[in-house]
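Here the structure comes first, spelled out in structure tokens, and everything after it is commentary.
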């Protein structure tokens, strides 16, 4: 909270998760958990409840969950995420293989969570970037779009980085859940107006 910002160590205020529109960078839904050690995975039921068939959702490694990937596919929601470096995948089909680009249909998971997805690997400035999507049709979601869409996720990170320090969201005025949510929503509305 703002009153504590002069202290040497800052207490953690909890965990906020949001579903943001990637174009406007505004939250569609926002959730706050007062426990600072809350894991990203605990928000999946809330996130899934607001997703509609036909939506495309982009998320980071903290949300990797093969059971949820399967649920999203069954729900008719397309996802794009990064793939962990230790991902075990069984190749079914090679869609494209070049020196700096690999696009394959693979099987991931085991038992009830085993599923077919695309694993896309792109070499950029000496680093391999790996992505997963449940859209295996390259005409509906070309490789270049997967990479470009995932990089748009950084617009959300940029929005958080602007909102937190510049607009005062690094510190909260109150510790109550209602006050935190009001401060976050009000800050985002102001940011969208002038950002």
If you take the residues of segment 101-113 that are outside any strand (DSSP E or B) and free of Cβ contacts under 8 Å to residues at least 24 places away in the same chain, which of them is farthest from residue 141 (Cα to Cα)?
-> 111
Looking only at segment 32-45, decide whether some residue is in contact with a helix residue (DSSP H, G or I) (Cβ under 8 Å, 6 or more places away or on another chain), assigned to a strand (DSSP E or B) and at pLDDT below 90.
-> yes
Which of the residues spanning segment 72-94 are closer than 21 Å to residue 123 by Cβ, surrounded by 17 or more Cβ atoms within 10 Å (Cβ to Cβ) and without any contact (Cβ under 8 Å) to a residue 60 or more places away in the chain?
-> 83
Those residues of segment 46-71 that are touching a strand residue (DSSP E or B) at 6+ places or on another chain (Cβ under 8 Å), within 17 Å of residue 18 (Cα to Cα) and either in contact (Cβ under 8 Å) with a residue 60 or more places away in the chain or outside any loop (DSSP other than H, G, I, E, B) (or both) come to a total of 10
Say we look at segment 114-137 and pick out the residues that are over 26 Å from residue 67 (Cβ atoms) and touching a strand residue (DSSP E or B) at 6+ places or on another chain (Cβ under 6 Å); which of these is surrounded by the most Cβ atoms within 10 Å (Cβ to Cβ)?
-> 122
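The values are calculated or read from the model by the stated rules, or taken from the named source; none is laboratory data. What you are looking at is a predicted structure, and each value in this text was computed from that prediction instead of being measured. Don't worry about glycine lacking a Cβ; one is built from the backbone with ideal geometry, like all the others, and counts go over all protein chains shown.
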